[in-house]
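Notes to accompany the following structure.
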Amino acid sequence: MGKDCPWEHTDIGADWKLPDRCIGATRTVVNALSAEPDQPSADHKTSGGLWRTVIKWILRLVGAALFSAAALLALLPSIVSSHRGCSACTAVASKFVPGTVQVAEIQARWQQPLDVRGVTWTEPTTLGGRQLASVEQIKTSIALIDVVRGKPFDVLISKPAVDCSIDAASGEVHITQVLQGTAQATQSTVETGDTVLAAATSRSHAKKQLLVESSPLRFTAEGQLLSAHVYISDGVLQVPDELRQVVGDDFHVSAIVGAQNMETYSEDFGIDAGWVQSQDGSHSKRGDATAVVFNSPHVTAQLRGWRTGSGLLLSEPATASVDYTPALAKYGLQRISPLLSNVVAVQEGGKVQMSFSPEGMALPAEKTSVHIEPMKLVVGQGDFVSKIVNLLGLKDSSLSKSSLQAWTSTIAVDVYPEGPVHTQRLDILVGTGHGQKGVHLCMWGSVEPANDSALNMTLGFPADTLKWAGLQGVPEDGMLTVAVTGTAYKPKIDWQGAYNKLTSSALKWQSHAPKASEAVSLKQAIANQALKGLGTLHHKVTSGDQAASPAVIPPPVAPLPWAVQQ
């Protein structure tokens, strides 16, 4: 360091201490720092030399520290690539998720691309030790040092596999339960990775609920995330079989994160970026602009908004266009309402248009409202619809066909992650019949997907239908309501009680009608036709029976499309 540094060549041992002369020199430096400007130190020359010595000493310490840090940083990739380093990384990763994270190999060098192979995540052994996710390989296109410098690069994620199967006991996604700490022990195992397809073909059908059956859904993805262009190839999700039937055998996801990326890559991804430029300046505080597009053989969907600390804030409701399939009718429409249980076709394009609005427009959400645009359908006259027609005593030839034309109102459904599916009032015209109007029915209530799709709904007969059936004196806002229980696949109505309620209403309203005889003829029609085969009635009907406590009648979700057309 120089002749002014008395300890430069001193060996520092365990008993080494600062020499007394150095202590004195240090005291001189302190005195020099505290001296007044107009009172120069007597040892000015000596203190000046010490100043230079101390500065040199500090610079050398800083340089040594920087050199050590640089050496450690330079060796870090090599350390991580070693067996012990890889084990240490997986041990740290396992502290952030329940269960065990393992990595087969990490190849990390500053002048080489990063290459990670054989990543797996297994649930805790107390839950059964089932493998929940795996990735065969993660590799960057450029050297690690260039990634750190912020240069644009590609990331290839090969053969990811995720177990999204449903827990048989709770009806919830098992991997979500594991993350939330609510999963129960299970003895079943689900293979992932390359073996997922073979495992699915040999898996026997579950005998409990269809919800627990699962099958592989292949996927690919591409996204521009900040400076990384991410490619996901040969992915597999283990999903409920009903979801795979609705979506199709595979899907592709495209995503862009960042306003600048949106402007640069939107055309390449087929994503509209105009919404970012049209927003006011307040969105800049919400996070990076984000857009996602989903495409499968049967579904096209998109959402856009801004990243937040907890998820995503949507700029508008997410939208989806879903092709009609028997699976959609069975697993989607039928769970909305039994009135849609026998849909055999969707007219005018064969697509169901819907939008999704999470509560507060933020994801994740405790409630999501789904709106389905009015549909013109072809429905089979199943047992449920045919009994309704018989109950009303209608003989129109258009209602006796095996397939009927139907027209729905806007359908609004509230979906809760761990709760029921609540259908707001759904109005539907079934058949053409009188004045080309058809039978107007409505229904509202809830379905419990986790409880074998149990129903707690109400079937309503609006005033126009009751008048068509022959009742007189029905007020314009009048409605006959009947409770519907059972399940979405086997709805139950107390038809005898429905008859009693209908007759009671007829007797009540006929006192206000100008022609009471027509109401009496309706009663006779019901007795002769609607109750055929239902047994003898033992309930004595009076004008007050079952009409004393009417259900709360919700208004239509939106203007009825047939009323607007007329």
Given (1) under 20 Å from the mean Cα position of the chain (by Cα); (2) open to solvent by 20 Å² or more (accessible area, probe 1.4 Å), number of the condition LEU333 does not satisfy:
(2)
GLU359 vs. criteria farther than 22 Å from ALA469 by Cβ, of a type in the set (Asp, Glu) and in contact (Cβ under 8 Å) with a residue 40 or more places away in the chain
no
Pick from region 467-482, criterion within 19 Å of VAL552 (Cβ to Cβ) and in contact (Cβ under 8 Å) with a residue 60 or more places away in the chain, ranking: most open to solvent (accessible area, probe 1.4 Å)
ASP477
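Conditions (1) under 30 Å from VAL293 (Cα atoms); (2) of a type in the set (Phe, Trp, Tyr); (3) at pLDDT below 90, marked per residue:
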| position | (1), (2), (3) |
| --- | --- |
| GLY332 | yes, no, yes |
| ARG335 | yes, no, yes |
| PRO338 | no, no, yes |
| VAL344 | yes, no, yes |
| MET354 | yes, no, no |
| VAL370 | yes, no, no |
| GLN381 | no, no, yes |
| LEU399 | no, no, yes |
| SER402 | no, no, yes |
Check off (1) surrounded by 19 or more Cβ atoms within 10 Å (Cβ to Cβ); (2) without any contact (Cβ under 8 Å) to a residue 40 or more places away in the chain for LYS490 and give me the number that stays unchecked.
(1)
Residues that are closer than 25 Å to ILE411 by Cβ: which helices (runs of 4 or more DSSP H) entirely in region 229-348 hold 1 or more of them?
241-247
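The values are calculated or read from the model by the stated rules, or taken from the named source; none is laboratory data. What you see is a predicted model, and the numbers here were worked out from it, not measured in a lab. Every residue, glycine as well, gets a Cβ built from its backbone with ideal geometry; the counts of neighbours run over all protein chains shown. Side chains are part of the model used for accessible areas, which takes the heavy atoms of the whole protein and leaves out ligands, DNA and RNA. Shrake-Rupley method; radii C 1.70, N 1.55, O 1.52, S 1.80 Å.
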